[in-house]
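A.B. asks: The structure is given below, and queries will be raised subsequently.
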Amino acid sequence: MPAEIYLNVAISGLLTGLVYGLMALGLSVIFGVVRVVNFAHGEMMTVAMYVAVVLFAQLGLDPLLMMLPIAALLFAVGYAMQMALINPFIARPEHSQFMLMVAVAIILVNGLLIVFGPDAQTVQTSYAFDSFAVGPVIVDATKLYAGLAAILVAAALFAFFQFAPLGKAIRACADNYTGALVVGLDVKRLYALSFGLGAACVGAAGAIIVLIVDVTPPLGPAYTLLAFIIVITGGLGSMPGALLGGILIGLTEAMAGLFFTPSAKSMFAFAILVLVLLFRPQGIMGKRLT
Amino acid sequence: MKRKQSMFPVNGTMTRRSFTAGAAAVTAAIAAPAIVRAPIVRAQGAALKVGVLLPRSGAQAGIGQDCFRGVELANPIFKGIGLPELEIMNADTETNVEVARSRAEKLIADGAQLLVGAFDSGQSSAIAQVAEQKGIPFVINIAAAPPITEQGYKFVFRNFPTAGMILGDAFVNQKEVFAESGVAPKSVVFLHVNDTFGTAMKNGVGAMMPRFNMPYEIKETISYDPTARDLSVEVSKAKATGADALLVVSRLNDAILLTRELVKQRWSPMGVLSMGPGWYEDQYLKTLDKLGDGPLSFVPWYDPNKKLSKQLEAALGQKYPGINLNTNHIYTFEALLVAADAYKRAKSADPKALADAIRATNITENVSTGPGISFNAKGQNDKLKNSAIQNRGGKLVTVAPKGSTNAKVQWPMVAYDKRR
């Protein structure tokens, strides 16, 4: 097999992994702060994908340009969800929270089916079929734009948590819930902001992923599962871990398809998950629980 | 003294005995429809109750709903050709074998006198078991797994080719296309989905291809998950083989993904030879526009020159403008055609009489390619022929077999970089 094929496949896997990472980042932010496992994560991304499809079909707006408005919309949805729906469940047993989020997921899938039907919807941008040739290496233009956008959004999020006072307050809340209450932080509002930020990540990821993948309502559960694999591999609650996990899973799937058989791609992603759970249960970049 | 009013006033006409008798009569009247319903037999004149089982939700929802278009077109056309009207009872299998089985049982309990369905081999097998057990005729619209008609069933009929028939005809039609164009690939790379259908087709290709003396060799076989979100690796591997053409067994979404990757990876093979769904479907054509032109699909299809085909095509165009007539519509319509024709000849809705009438079917004025509809002792229409169709300007034209075509083949297909 020509050498450039390996490079092509590796670049493709890396770019796809970056977008996976952005999607999983939202899940990690939500769990890291609110400690609620969002089982409706993939479904929320599907909603964002449909918003992008509608904006493109009705107004001709490019999903990459619409990434920020869609993220803002999902932020509002996430904020409202946390305030109205999830906050009352914060003190309840975990299985109640799980069931609540599973119910939200089922409602979203069926709602989308009612509104959009079962057929796959797509966004056909002017650059949908473009690719760049660098010598013998061919890079998919859409994936390149998507990967770069994922890096930008992830960097903005890191910067927010690192430098913005509100980001620091959220981190304080995640580190020490009681301490946050003692110093007078409005924890419920911060939880809602965190859930909103996680949802915004999902919104941005949805706007990007719709360039690569056609959207159907049942797509959500597959992405929820993928996000779980990524954050558990990278470390639940760790933002750099989510991005690293995404890249690792994207690359693993691509290379497994090349070296073994493409139909076993998912198997290798799960194998990585099993290895991580066996030898580093807290994930590659997660903190060991005491 | 005034007598105390009873809740049930007792007067000259109502005594306890007459009340009991009345209650018994009411009970009998309520029970009567169920008792009358039990034998299912109805006199000719009433519409035959046909239970249509399709996957209208779940993973195959889109296909199930497409099949249903064939149901919607049936009655108005039947009226025009002197066939009795059918009373359609719908059931959604939810793309689930167990649900298909329970829905079939419920339809029969609700009075269905004949069943039609269910697009998928697994679901159709489950319904066939129920139909055979209850003694209700079942006409399969679409399902290719051979075992369904190898069980010795007396009430199960299939007007759809088996996987072996599809493959055999595909090879015959490919050779006809290569001979017609004077160009044949010397090598192909075989890409197939790894679900039940794809794996059965892969095994079938391996077993049957040597018998047909094909001009090409298979350089590599690549299987993939039909729900895959990215097929760039698969196309990279296929491209690296340097094969002349692509032989594929796929579904809709992966067919779109494969085409996108072919364009992005700047690989224009001589052509795409598809032996399954996907490449000719409306969504494929709509999504890919000019880039959707060219692939050849070797599928159970319709003879565009038959009178009933033209009627069905016109009716579909009128009801659903912009939707091309396809396998889903054709074979669902024909399953109902078999039912209406049998009911007309049987002059009864008695299940055994209906099954006997279906067994004696000989419809020559039909839609699908081949001499017509008839069933062998196993309940299989073994005279069906498949067609080779090609995507051309958002439409589908039939290029083989000879005598059932409406266009000449364009092979090799126009390179992707020459179309944009």
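The values are calculated or read from the model by the stated rules, or taken from the named source; none is laboratory data. Model, not experiment: these values are computed from the prediction. Note that each Cβ is placed from the backbone with ideal geometry, even for glycine, and that neighbours are counted across all protein chains shown.
A.B. asks: May I ask you to say which residue of A:G26, A:G21 is in contact (Cβ under 8 Å) with a residue 40 or more places away in the chain and either under 27 Å from A:D186 (Cα atoms) or among the aromatic types (F, W, Y) (or both)? Write out each step before concluding.
C.D. replies: Working: A:G21 fails: either under 27 Å from A:D186 (Cα atoms) or among the aromatic types (F, W, Y) (or both).
Exactly one residue qualifies, and that residue is A:G26.
A.B. asks: Please determine whether any residue of the stretch A:99-107 is assigned to a helix (DSSP H, G or I), free of Cβ contacts under 8 Å to residues at least 40 places away in the same chain and within 14 Å of chain B (Cβ to nearest Cβ).
C.D. replies: Yes, the stretch A:99-107 contains at least one residue that is assigned to a helix (DSSP H, G or I), free of Cβ contacts under 8 Å to residues at least 40 places away in the same chain and within 14 Å of chain B (Cβ to nearest Cβ).
A.B. asks: Need the failing condition index for A:L65 against (1) assigned to a helix (DSSP H, G or I); (2) more than 16 Å from the chain's Cα centre (by Cα), just the number.
C.D. replies: All conditions pass for A:L65, except number (1).
A.B. asks: Let me ask something else about it. Do you know which of the residues in the stretch A:194-227 that are away from every other protein chain (no Cβ under 13 Å) and out of contact with any Gly (no Cβ under 9 Å at 6 or more places or on another chain) is nearest to A:V54 (Cα to Cα)?
C.D. replies: Here the answer is A:A207.
A.B. asks: Can you name every residue in the stretch B:294-324 that is of a type outside the set (D, E, K, R), free of Cβ contacts under 8 Å to residues at least 40 places away in the same chain and under 24 Å from B:T364 (Cβ atoms)?
C.D. replies: The answer is B:A314, and nothing else.
A.B. asks: Of all the residues that make up the stretch B:53-103, how many are buried (at least 17 other Cβ atoms within 10 Å of the Cβ), of a type in the set (S, T, Y) and either within 13 Å of another protein chain (Cβ to nearest Cβ) or not in a loop (DSSP other than H, G, I, E, B) (or both)?
C.D. replies: 2
A.B. asks: Follow-up. Do you know which residues across the stretch B:184-209 are β-branched (V, I, T) and within 14 Å of another protein chain (Cβ to nearest Cβ)?
C.D. replies: Matches in the stretch B:184-209: B:V189, B:V193, B:T196, B:T199.
A.B. asks: Can you tell me which residue within the stretch A:135-163, out of those that are within 13 Å of chain B (Cβ to nearest Cβ) and of a type in the set (A, V, I, L, M, F, W, C), is farthest from the chain's Cα centre (by Cα)?
C.D. replies: Checked the stretch A:135-163; the qualifying residue farthest from the chain's Cα centre (by Cα) is A:V137.
A.B. asks: Please go through (1) within 14 Å of chain A (Cβ to nearest Cβ); (2) of a type outside the set (A, V, I, L, M); (3) crowded, with 22+ Cβ neighbours inside 10 Å for B:Q283 and return the number of the only condition it doesn't satisfy.
C.D. replies: (3)
A.B. asks: Take the stretch A:1-47 and flag every residue that is farther than 24 Å from A:D140 by Cα and not in a helix (DSSP H, G or I). Can you show your working first?
C.D. replies: Here is the first cut: in the stretch A:1-47, the ones farther than 24 Å from A:D140 by Cα are A:26-44, A:47.
Matches in the stretch A:1-47: A:R35, A:V36, A:V37, A:N38, A:F39, A:A40.
A.B. asks: If you don't mind, there's one more thing I want to ask. Of all residues in the stretch B:104-145 being charged (D, E, K, R) and in contact with a strand residue (DSSP E or B) (Cβ under 8 Å, 6 or more places away or on another chain), which is surrounded by the fewest Cβ atoms within 10 Å (Cβ to Cβ)? If you could, list the steps in order and put the result at the bottom.
C.D. replies: Taking the stretch B:104-145 first, the residues charged (D, E, K, R) are B:105-106, B:110, B:120, B:132, B:134.
Next, from what is left, pick out any that are in contact with a strand residue (DSSP E or B) (Cβ under 8 Å, 6 or more places away or on another chain): B:106, B:110, B:132.
Numbers: B:K106: 14, B:D110: 12, B:E132: 17.
The selected residue is B:D110.
Listed here are the residues, each with its yes/no results for (1) in contact (Cβ under 8 Å) with a residue 24 or more places away in the chain; (2) under 14 Å from B:Y302 (Cα atoms); (3) in contact with a helix residue (DSSP H, G or I) (Cβ under 8 Å, 6 or more places away or on another chain).
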| site | (1), (2), (3) |
| --- | --- |
| B:T332 | yes, yes, yes |
| B:V338 | yes, no, yes |
| B:L354 | yes, no, yes |
| B:T369 | yes, yes, no |
| B:S374 | no, no, no |
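A.B. asks: Out of A:A200, A:A154, I need the residue that is surrounded by fewer than 24 Cβ atoms within 10 Å (Cβ to Cβ) and within 28 Å of A:G60 (Cα to Cα). Which one? Reasoning before the result, please.
C.D. replies: Numbers: A:A200 fails: surrounded by fewer than 24 Cβ atoms within 10 Å (Cβ to Cβ).
Residue meeting the stated conditions: A:A154.
A.B. asks: Now for a separate question. Step by step: first the residues of the stretch A:87-145, then only those that are of a type in the set (D, E) and at pLDDT 90 or above, then the one that is nearest to A:A205 (Cα to Cα). Which residue is that?
C.D. replies: A:D140
A.B. asks: Out of the residues in the stretch B:210-248 meeting the condition of being part of a strand (DSSP E or B) and within 13 Å of another protein chain (Cβ to nearest Cβ), tell me which one is nearest to B:D282 (Cα to Cα).
C.D. replies: Taking the candidates together, the pick is B:Y224.
A.B. asks: What is the one condition in (1) surrounded by 23 or more Cβ atoms within 10 Å (Cβ to Cβ); (2) over 13 Å from A:Y20 (Cα atoms) that A:F260 does not satisfy?
C.D. replies: For A:F260, the exception is condition (1).
A.B. asks: Would you please name the residue that is surrounded by the fewest Cβ atoms within 10 Å (Cβ to Cβ), looking only at residues in the stretch B:256-270 that are within 11 Å of chain A (Cβ to nearest Cβ) and closer than 29 Å to B:G182 by Cβ?
C.D. replies: Result: B:R266.
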